[in-house]
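Participant: Pasting in a structure now, in structure tokens, and then I'll have a few things to ask.
The values are calculated or read from the model by the stated rules, or taken from the named source; none is laboratory data. Only a predicted model underlies this, so the values are computations on that prediction, with no experimental measurement involved. Here the Cβ positions follow ideal geometry from the backbone for every residue, glycine too, while neighbour counts run over all protein chains shown. We work out accessible area using only protein heavy atoms, side chains counted, and drop any ligands, DNA or RNA first. Shrake-Rupley method; radii C 1.70, N 1.55, O 1.52, S 1.80 Å.
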Amino acid sequence: MATAGETIDDSVAPREIAHAVIDPKSYAAWDPLLDKFDWLREHMPVARIVSDQPEGSPLWHEPFWLVTRYDDVMRISKDNATFLNNPRPVVFTTKMGEDFARAITGGSHNLVESLVVFDAPIHMNYRKLTQEWFMPKSLKRIEAQIRELANETVDRLVAAGPEADFVKLVSAPYPLHVVMQILGVPEEDEPRMLMLTQQMFGGQDEDLNQSGMKDLPPEAITQLVAGAVADFEAYFSRLTSERRAHPTEDVASIIANAIVDGEHVNDRHLAGYYIILAAAGHDTTSASTAGAMMALARDPEQFARVKADRSLLPGIVEEAIRWTSPVQNFMRTAATDTEVGGQAIAKDDWLMINYVAANHDPAQFPDPRRFDAARSPNRHLAFGAGAHQCLGLHLARLEMRILFEALLDRLESVELAGEPKRANSTFVGGLKTLPLRFTTA
Ligand code: HEM
């Protein structure tokens with residue numbers, strides 16, 4: 001472990017840590033990264049991350065502040081006037097990635113213009129279009145449909161037993177089905193949606209980016225992600241035309257026919273809306289679902305307890321979301337000179353609020369690396385907080401609870417049948433394989 005003594009300035013993170021924080025592979029390795037966050041929280045809770053690459057190299061990035069304490073991440077998330085989402089990229093990117101986005105969008109640093117890149121007042125104008133749809137009351141209408149999908153998914157797992165990859169058969173396809181049905185994407189197009197999402201979020205991982213190539217250079221990864229976005233846009237542009245001509249009850253119809261400030265939403269914003277729902281709506285839930293299953297497979301006693309007492313299920317779901325924190329971070333830009341945790345921050349400085357680090361802060365979560373279904377309170381930050389707090393949080397909780405009800409009904413015992421593997425990704429991350437061996441009830 002590097003020490004603060006290796007740094008030139010006491011707010012600049014040691015080189016080894018600065019490198020790990022932006023290296024997709026360290027998110028796959030996980031525990032060594034959590035060790036680094038522990039060190040930062042204690043010694044440098046607001047740390048300057050400076051690239052160890054020469055300026056001009058494809059991996060070079062602008063310096064930013066990494067925020068690792070729970071209280072600081074919470075404060076930044078809730079203060080949407082001081083910490084903005086739009087002036088600089090809200091998803092961490094290298095300078096090359098940012099330049100590439102500008103080149104292909106004609107000047108925007110955002111490859112996708114979605115809810116998360118908007119600030120007030122435009123953000124709320126867009127958010128309220130679909131907000132109601134994702135509230136618990138509205139979700140009640142589709143609960144039976146979700147249960148049916150959960151049962152079908154568990155049927156497929158059981159049929160494939162006694163050994164199977166849980167990610168491939170359950171945690172990846174199930175949330176995808178749910179969100180695609182909500183959106184109104186026909187089932188035959190789901191494999192394409194899965195591929196595009198994996199390329200967009202998993203571009204840094206050779207097993208997920210579908211390129212069939214190992215160690216893709218950063219330029220090729222950026223192109224791949226841009227290609228996925230373009231394909232998404234073309235697909236949703238056709239869907240918009242269809243839903244304008246023949247509106248239905250689905251969310252695509254709401255988006256396609258939305259009027260904001262007296263006008264139809266422009267094509268780029270429309271595409272951004274679909275993309276964030278299509279993409280954010282399943283890879284995240286998939287990662288938390290697989291994480292929960294891995295924790296239960298490793299702990300037969302906890303599995304037996306929750307199988308016998310379903311009132312523990314909401315706790316399992318919440319703990320899984322904290323413990324996995326699939327959205328690993330987001331970026332913010334300071335609107336004015338300010339301070340965070342005693343560290344002066346200048347106007348226009350770029351900050352990374354790290355949900356993984358915040359959700360493993362021992363000041364808030366005793367023994368944070370332990371998966372504890374009975375953890376209480378569990379006010380984690382995996383869904384963020386403030387104006388941008390996850391729009392799909394009720395849906396994520398609901399679909400996970402329903403799936404685990406079905407799994408616990410059908411499975412008698414479950415254990416690992418091999419070593420689970422995490423994806424290489426600095427942004428949305430989690431398990432990409434979870435080999436299980438199980439018996440059925
Ligand atoms: C935003 C996490 C599931 C749709 C976010 C944010 C996080 C997050 C951290 C940003 C919050 C902030 O900036 O304060 C998660 C996790 C999920 C999940 C951990 C599952 C376990 C979903 C689902 C949907 C969804 C199922 C879909 C339908 C969105 C949207 C936003 C968002 C649309 C942008 C909201 C805005 O900017 O106003 N999510 N999410 N998410 N999420 Fe989720």
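Participant: Assuming 0.36 nm per residue, please report the length gained on full extension of the stretch K25 to V260 beyond their Cα-Cα distance. If you can, show how the numbers build up before the last one.
Facilitator: Working: separation 235, 0.36 × 235 = 84.60 nm, distance 4.12 nm.
In short, 80.5 nm is gained.
Participant: How many Å² of accessible area per residue for the chain, probe 1.4 Å?
Facilitator: Averaged over the residues of the chain, the accessible area is 41 Å².
Participant: Shifting gears a bit: Could you pull out the pairs from K168/K421; K25/K421; K78/K347; K36/K95 whose alpha carbons sit more than 20 Å apart here?
Facilitator: Exceeds cut-off: K36/K95.
Participant: Next up: With a 1.4 Å probe and all protein chains left in place, how much of the accessible area of segment 209-306 comes from carbon and sulfur atoms, in whole percent? Write out the running numbers ahead of the final one.
Facilitator: Numbers: 2280 of 4190 Å².
Exposed carbon and sulfur together represent 54 percent of the surface.
Participant: Could you check the simple spin-label distance between D52 and K347, using points 7 Å along Cα→Cβ, in nm with one decimal?
Facilitator: 3.5
Participant: As a test of the formula, what do you get for the chain when each DSSP H run with n ≥ 4 contributes -39,500 (n - 2.57) and the sum is divided by the residue count, at 222 nm and rounded to the nearest 500 deg cm²/dmol? Could you put the intermediate results ahead of the total?
Facilitator: Working: 18 runs with 209 residues, N = 441.
So the calculated ellipticity at 222 nm is -14500 deg cm²/dmol.
Participant: Using a Gaussian network model on the chain with a 10 Å cutoff between Cα atoms, which of M352, M400, M124 fluctuates the most?
Facilitator: M124
Participant: While we're here: Residues in segment 54-75, backbone N under 20 Å from the label point at A81 (7 Å along the Cα-to-beta-carbon vector): list them, ranges by number please.
Facilitator: Counting only backbone N, you get 72-75.
Participant: Using 0.36 nm per residue, how much length does the chain from R268 to E132 gain when fully extended, once their Cα-Cα distance is taken away?
Facilitator: 46.7 nm
Participant: Enumerate the aspartates and glutamates that K307 could reach by cross-link, defined here as Cα to Cα under 17 Å, with residues fewer than 8 away along the same chain left out.
Facilitator: Within the straight-line cut-off, K307 pairs with D299, E318, E319, D372, E405, D409, E412, E415.
Participant: Order E16, E62, most accessible first, counting only protein heavy atoms with a 1.4 angstrom probe.
Facilitator: The most accessible residue leads, giving E16, E62.
Participant: Here's a follow-up. Whole Å is fine, so just give me how far the alpha carbon centre of segment 364-395 lies from that of segment 308-354.
Facilitator: 9
Participant: Shifting gears a bit: If one computes P(r) from the Cα atoms of the chain, what percent of pairs lie at distances over 43 Å?
Facilitator: Roughly 10 percent, once rounded to a whole number.
Participant: Starting from the Kirkwood radius over alpha-carbon pairs of segment 1-91, derive D by Stokes-Einstein at 25 °C in a medium of 0.890 mPa s and give it in µm² s⁻¹.
Facilitator: The calculation lands on 173 µm²/s.
Participant: Taking all protein chains as present, what is the carbon and sulfur share of the accessible area of segment 66-137, in % to the nearest whole number, probe 1.4 Å?
Facilitator: Details: 1850 of 3180 Å².
For segment 66-137, the apolar C and S fraction of the accessible surface comes to 58 percent.
Participant: Carbon and sulfur together cover what percent of the accessible area of segment 335-441 at a 1.4 Å probe radius? Could you put the intermediate results ahead of the total?
Facilitator: Values: 1970 of 4110 Å².
C and S fraction of accessible area: 48 percent.
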